[in-house]
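The next block holds one structure in the form of structure tokens; read it before the comments.
The values are calculated or read from the model by the stated rules, or taken from the named source; none is laboratory data. All of these numbers come straight from a predicted model, not from anything done at the bench. Heads up, the Cβs are rebuilt from the backbone with ideal geometry, glycines too, and the neighbour counts pull from every protein chain shown. Surface accessibility is based on the protein's heavy atoms, side chains included, excluding ligands, DNA and RNA. Shrake-Rupley method; radii C 1.70, N 1.55, O 1.52, S 1.80 Å.
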Amino acid sequence: MRRKLLTVVLLLSIFYSCQQDPKSISDPYKAVPISSVLVIETRDIWQASETLQQSQVFKNIASLSFILQLEQDLGSLSELFPRDSLQNFLKGKTVVVSLSLSGAGKYNTLTLLKGDPEFEKLIGRKLAKAYQFEKRNYSGTEIIRFYQQATQKELYISSYSGLILLSSNRNLLEEGIRQLNSEFSLKQKAAFARLYETSNKKDLANIFVNNTEFPTWFETVFPLSDARFIKETGDWSGFDLQIKDREVILNGIVNLPAEGAYYTHSFRNIRPGATQGQNIVPSSSGLWLAYTFENAEQYYRSYLGFLEKEGSKRRYEQLVSNFPFEPQPVLLNWLDTEMGIFYTGNTQSNNTFAYFKFRDTKNCREALDKIVDSSFVEGYRGLIIHQLVYENVLPRFYGSIFKGFHRPYYTLVNDFVIFANDQAALKGIINDILDGRSLKDDESFREFTAKIPAKAHINIIGSNPEFLELTASLLEGSDARLLLNQKEELHNFHRLSLQLNIDNDAVLTNFYLDHNPPTQEKVARQWATVLPHPAEGTPQFVKNHNTKKYEVLLQDETDQLHLLSADGKILWSKELDGKVIGSFTQIDIFKNNKLQLVFNTENSLYILDRLGREVENFPVKLPAKATAPVGVFNYDNARNYRLVVPCGNMLYNYGTDGNKVKGWKFKKAASDIVSQPQHFSVSGKDIIVCLTAEGKLYQLNRKGEERFKTDEKIEELKTSFFLKKGSSLKSSELLANSNSGKLYVINPEGAIDAIYLDEDNPADHFLFFDGKYIFSSGQKLIVKDEENPWVAELEADVSAKPKAMILKGEFYAGGYSKMAEEIRLFNSSGELIEGFPVFAQGPFDMGSLKLDGTMNIVTYSDDGTVICYRVN
């Protein structure tokens, strides 16, 4: 019962009353401000609250922090009301809530309902006991202000003309009183009256939107948005609200005056088509807007008519006449039945794409060839990418929906031409299409579209979690953080759609919100970034000590090192004197929790700070060419680092001051040292190990002296050593894979064994992780684990060491095949994750870049495009 009372209070936006008015009861709409942005009416507030709280939709949002806070704030208030009295008063009661401008850039609600003198007296006495109050007179009417000094909360209430008026803003409540004394009301406006008469009074609520005022209010909520499109659809909108268990449905119409300048006039007398953009729009799109028309030329003529009514046709014709080509043959004659835009991330231009469906490939290609930059052409996965030579062609010809497309790249695929501002982003879309990650391949999308009309002139579809991220990018500061903090709850609203069908004097609308929590992992391309030159080596995730999140390091073929943000932005580039040998290690030289990068090339030992600057005394010029990666030792976690570099047959030990460490006693080896020196410590005892080209295994102490000697030769290893820790150093094992496919098991103080993990499948690449032996053999990826062993396959041979990680308590392992140009990711049972394989032409790293519970996989293609996939 208490939950129901809270829901009622929430729906009322706080409801109280004060005094009886002797005048006859008025229609609540007489008090609604004429310039209201939004008006909501429900004819049985008690029943509406009951229906709402029983739905999965409400149960999901009930856990949102601001809803919980409201319940906490209102709990004490609802307990003041006699339950039976409140129910009797509200049952069957019509409530009207309007949203209006109440001051400079501020909006508040005015709640209106018919009064009940006895009940008003009762709750008035209750409120007076619990809250401070003061009375004032306005235009012969008493207004009572209830307030709490400590919380700074206040509510203004008046009982006038048989109505209860309440608002948190005094100006708005006074405007309601003035409106009651006026001869003119909202229902006398022809557009509003039409919508009101056609509304379904049996639905949960009716919602009326003032399209002219709505964009200004909307932009106060979403400061970075542009909602002008709303007022170009018509003057007023009316919707009937239904809330089912897992669905929110709004059906209605937008009033479309014949005499006004509305973009929707462009579709009058043109039949809509069924969208086909799902064939190329990726399933990772957060927002997709599609425009369909049976006849493109007819649409264009109607669009020019809209511009004429708007008064902008002359300007349009001037812009188009400046094109150094005939615009209609080049940009229109090949257009078929659909055009649109879609977003795959936030509103940054490199996440925005335009598309047009064409009738004939040859005609489209030849037409666009007239406006391409002849100095640029590139092939990618069997498709050709061009760039327009002239600026702002799309927005000037097709309108503001395509603003921001200045000199886009484009390609033709699957009967569509797709435009993108960023070459790497366009390649990412090509990957999605060719790898079967378009919306048409998404079963949940097919199930969603089966519930909505098949045809509409304008289709808008949002998909979570990408839609939430897109929405957050339109907010600022704490509002954006608040939205993202509720990601888990809001993610359950999987998709929403808004469809507009234009009739002669009305726009038929359908809004549908689906509460359908995703149940399976799904991979999506998150971003793509083009490096100045093709990438080499393996991408590596490194920690940002400021944000505690991760970024990506990668070198290109010209020896430049690049650091990319978690969103794919190149933060800095640094030219090195050669290829990086091995991987990067992060250290804290100054013991202030700020991290630096340690690595070496053939000629130098580097330490860089997080901005790519060289630390004092570095790089160190090595006395001979390095033959293996630097070993970084942090003895006893004291952050007194030792940097040990193999250079031919010597090991050189440096401190973080760039000087050689005194007391290092390593003697020349008989042959080159070819493995990275590694330090292991178990139960207070430690050992440094490395291997020479002739197979001698060194087991050293901290001074570089041999601690344990063995005469047995070990063939060249493929990997570094892994420690299988025991209770002591003696009982521990060092594991490493060899060229023969055998696994070497080395006891630091005893025997050396060489075994096959699987005699039928010698190991090509090996990893020991989480107590599991993970290796590849040909195209097989094998996990040896006592509890859950498995074998999976890639399309061709695995080309690099497998990767493994644990995310949210779940184990994942992946492999890369250069020949098959793919990455495959498997779960703890060896099952391929939905959405894999994904395209890749280089090795990968994986983890959670933003530590947000999602997995990221970063790889690259041969042309220098770095690709980040996200696994939901």
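Observations
- Extension gain for ILE570-ASN295 works out to 94.6 nm (0.36 nm per residue, less the C-alpha to C-alpha distance).
- Nearest-0.05 FRET efficiency for ALA800 and ARG228, computed from C-beta distance (R0 30 Å): 0.05
- Here the peptides 255-268, 536-549, 215-228 are ranked by packing, the mean other Cβ count within 10 Å, and the order with the highest first is 255-268, 536-549, 215-228.
- Among 229-238, 195-204, the order from most to least packed when residues are scored by Cβ within 10 Å on average: 229-238, 195-204
- Whether the stretch 391-443 is rounded, prolate or oblate, judged on the alpha carbon gyration tensor where a/c under 1.5 counts as rounded: prolate
- Of all accessible heavy-atom area on the chain, the percent that carbon and sulfur account for (1.4 Å): 46
- Among (1) 105, 84, 49; (2) 108, 74, 51; (3) 94, 85, 55, the entry derived from the coordinates for Cα extents along the principal axes in Å: (2)
- Legend: distances between Cα atoms for LYS621/LYS696; LYS548/LYS801; LYS231/LYS309; pairs beyond 23 Å are LYS621/LYS696; LYS548/LYS801.
- Scoring 503-515, 754-766 by mean Cβ neighbours within 10 Å over their residues and listing the highest first yields 503-515, 754-766.
- In order along the stretch 409-422, phi translates into HN-Hα couplings of 7, 8, 8, 10, 7, 6, 6, 10, 10, 10, 10, 8, 6, 10 Hz, rounded to whole numbers, per the Karplus curve 6.51 cos²θ - 1.76 cosθ + 1.60 with θ = phi - 60° and x for Gly and Pro.
- Where a label projected 7 Å from the Cα of LYS667 along Cα→Cβ would reach, residues of the stretch 683-709 with amide N under 19 Å: 688-709
- Residue-averaged 222 nm ellipticity for the chain, from DSSP H runs of 4+ at -39500 (n - 2.57), nearest 500: -5500 deg cm²/dmol
- Sequence-distant lysines (8 or more away, or on other chains) whose Cα lies within less than 26 Å of LYS202: LYS4, LYS30, LYS59, LYS91, LYS93, LYS114, LYS187, LYS189, LYS244, LYS451
- Rounded to 10°, Cα long-axis angle of helix 45-54 versus longest principal axis of the chain: 20
- If you plug the beta carbon distance of LYS725 and LEU434 into 1/(1 + (r/R0)^6) with R0 = 56 Å, you get a FRET efficiency near 0.80.
- Full extension of the segment from THR94 to PHE323, taken as 0.36 nm per residue of separation minus the current Cα-Cα distance, would add 76.6 nm.
- Legend: distances between Cα atoms for LYS660/LYS730; LYS427/LYS569; LYS660/LYS709; LYS574/LYS660; pairs beyond 20 Å are LYS660/LYS730; LYS660/LYS709; LYS574/LYS660.
- Annotation: extensible slack from ASP369 through GLU787 equals 144.5 nm (criterion: 0.36 nm per residue apart, minus Cα-Cα distance).
- Distant-in-sequence amide contacts of TYR654, defined by a placed amide H-H separation under 5 Å and a gap of 5 or more residues or a different chain, comprise LEU643, VAL644, VAL645, VAL661.
- Förster radius 56 Å - calculated FRET efficiency between LYS129 and ARG315, Cβ distance, rounded to 0.05: 0.30
- Two-site label geometry, ASP770 and LYS709: point separation in nm, points 7 Å out along Cα→Cβ: 4.3
- Pairs beyond 20 Å (Cα-Cα), from LYS713/LYS803; LYS543/LYS803; LYS126/LYS153: LYS713/LYS803
- Each other residue within a Cβ distance under 15 Å of ASP422 adds +1 if Lys or Arg and -1 if Asp or Glu, for a net charge of 0.
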